[in-house]
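One structure is given here, and the rest of the page talks about it.
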There are 2 protein chains.
Amino acid sequence: MTTAEDPAQPTGRVRDAARTRGEIMDAATREFARAGYAGARVDEIAARTRTTKRMIYYYFGGKEQLFTAVLERAYSVIREAEQRLDVEHLDPVAAIRRLAAVTFDHHEAHPDFIQLVSIENVYGAEHIAGSEELRRLSSPAIDVIRRILDAGRAEGVFTADVDAVDLHAMISSFCFFRVANRHTFCALFDRDLLERDRREHYRTMLADMVIAYLTSGETPARQH
Amino acid sequence: MTTAEDPAQPTGRVRDAARTRGEIMDAATREFARAGYAGARVDEIAARTRTTKRMIYYYFGGKEQLFTAVLERAYSVIREAEQRLDVEHLDPVAAIRRLAAVTFDHHEAHPDFIQLVSIENVYGAEHIAGSEELRRLSSPAIDVIRRILDAGRAEGVFTADVDAVDLHAMISSFCFFRVANRHTFCALFDRDLLERDRREHYRTMLADMVIAYLTSGETPARQH
DNA sequence: CCATCAATGTACGAACTGGTCCGTTAGTCA
DNA sequence: TGACTAACGGACCAGTTCGTACATTGATGG
């Protein structure tokens, strides 16, 4: 009894599981990043989709599992970026600069990811702990760093005795802080760490710092 | 008609506004740090107190204002620590090492503060923006850093051309990351950044890195 | 062309949660 | 000592929110 409806578009309802799933994850990523895990609203996520809340439960089971799925995807993106690093042909110093720059750029390009990681840390990383996939997926970056460090030490350019994981933490911390804490930092120090004009400056600063440390002759004498 | 009640302790109810207020803030700090702003429960905060939820609204007005009050107190603590810095009598290198160490220790000693800052950033620092007190209270650390940098440059030991605010960001980022992201980092890289045995190592590493950068001759040639 | 099932939409409910109403009690000061 | 007020307790309400029961529809194979 539908009056004058185009039979080609009866309700506009198209069945496309992959698209629906993807749309839910996109909306969820934004909503979780916007308001945190507890602050995110399942209804709001659904509203930002061409489907309904029912589908979230159909595909993911619940809010918790949806958040885990969102996290898994966000991490897989950075893992892929790391796998594309391709620094084997560079000399150690250039390789580290490259690594730092890629890490820097990836953080800047994915503020939602940073936000999700912050949120996950508020909850003690319980979702990562509960995800086989995430615990299995180790970072290719660590291996890359290890190889660069070995090469640099063999050539005698790197004198500092650093561990690959620690160096990764060092590089990540600056990239992460710049994005994650931009709001409080800007409010308190009146400096927008993400300002376009400053980006190149910070990217260079980070690389300079790391290289200076790695090549800083003997470890400087400790005073106190 | 209270049967056999000690008149000295009729109900155990003592009137102490300051204590009640303080207890609420302590409980709120823990609860907000535990579950985020939206995840924190006003009832739970009240339960962790010798008073009731009613008093939270009596003293603070609401959840939002309570969170702001908690933030204000947390920031005032670090500001006081910065004011006690006392590095004027040290040579520039030692002064920077001292500053880095104090920042490092303060972050480690106040994980709840770190958590609160993370949470505040998820919400775009809206509470800081809405707090006169917080916007007014600028960091003494910046002035201290500025003076140290000037002295170091005058003496010729510091060659890098850094800004005080940027250096502060650099130092803070590592200290912050180590505490804020310890859970995800540990889950993904199987390394506990807060492990006791590693603390000295990381503290030295941070100072070495900053000093290496500040004293690294000409700014290293930029490659890409 | 019909049976079947994955995919989807609607409406609803039970539990939770921030916030408030109203009454009570302990100090204190005239 | 009695009135006054700051400090306090407990019950309750209204709106929200996650999750689900149930109905429906489109594709697919026989």
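The values are calculated or read from the model by the stated rules, or taken from the named source; none is laboratory data. Here the structure is a predicted model, which is why all the values come from computation and not from measurement. Cβ atoms come from the backbone with ideal geometry, glycine included; neighbour counts cover every protein chain shown. For accessibility, only protein heavy atoms count, side chains too; no ligands or nucleic acids. Shrake-Rupley method; radii C 1.70, N 1.55, O 1.52, S 1.80 Å.
Among the residues of the stretch B:116-170, write down those that are among the polar types (S, T, N, Q) and either at positive phi or open to solvent by less than 20 Å² (accessible area, probe 1.4 Å) (or both).
B:Ser118, B:Asn121, B:Ser131, B:Ser139
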Within the stretch B:184-198, can you find the residues that are under 18 Å from the mean Cα position of the chain (by Cα) and either within 11 Å of chain A (Cβ to nearest Cβ) or basic (Lys, Arg) (or both)?
-> B:Leu193
Would you mind telling me which numbered condition in (1) facing chain A (nearest Cβ under 7 Å); (2) farther than 23 Å from B:Leu99 by Cβ; (3) not β-branched (Val, Ile, Thr) B:Asn181 fails?
-> (2)
Does the stretch A:58-73 hold any residues that are loosely packed, with under 15 Cβ neighbours inside 10 Å and of a type in the set (Ser, Thr, Tyr), and which are they?
-> A:Tyr58
If you take the residues of the stretch B:48-65 that are more than 8 Å from DNA strand C (Cβ to nearest atom) and in contact (Cβ under 8 Å) with a residue 12 or more places away in the chain, which of them is nearest to B:His183 (Cα to Cα)?
-> B:Arg48
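For every residue, the table says whether it meets (1) more than 30 Å from B:Ala35 (Cβ to Cβ); (2) part of a loop (DSSP other than H, G, I, E, B); (3) at pLDDT 50 or above; (4) open to solvent by less than 80 Å² (accessible area, probe 1.4 Å).
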site	(1), (2), (3), (4)
A:Met1	yes, yes, no, no
A:Asp6	yes, yes, no, no
A:Arg13	yes, yes, yes, no
A:Arg19	yes, no, yes, no
A:Ile24	no, no, yes, yes
A:Thr29	no, no, yes, yes
A:Ala33	no, no, yes, yes
A:Gly36	no, no, yes, yes
A:Asp43	no, no, yes, no
Inside the stretch B:26-47, the number of residues satisfying the requirement of being in contact (Cβ under 8 Å) with a residue 40 or more places away in the chain, out of contact with any Gly (no Cβ under 8 Å at 6 or more places or on another chain) and under 14 Å from B:Gly62 (Cβ atoms) is 2
Would you mention how many residues in the stretch B:206-222 are more than 14 Å from B:Val162 (Cβ to Cβ), within 7 Å of another protein chain (Cβ to nearest Cβ) and modelled with pLDDT of 95 or more?
-> 1
Unique match (being part of a helix (DSSP H, G or I), more than 11 Å from every other protein chain (Cβ to nearest Cβ) and acidic (Asp, Glu)) among B:Glu108, B:Glu88 | B:Glu108
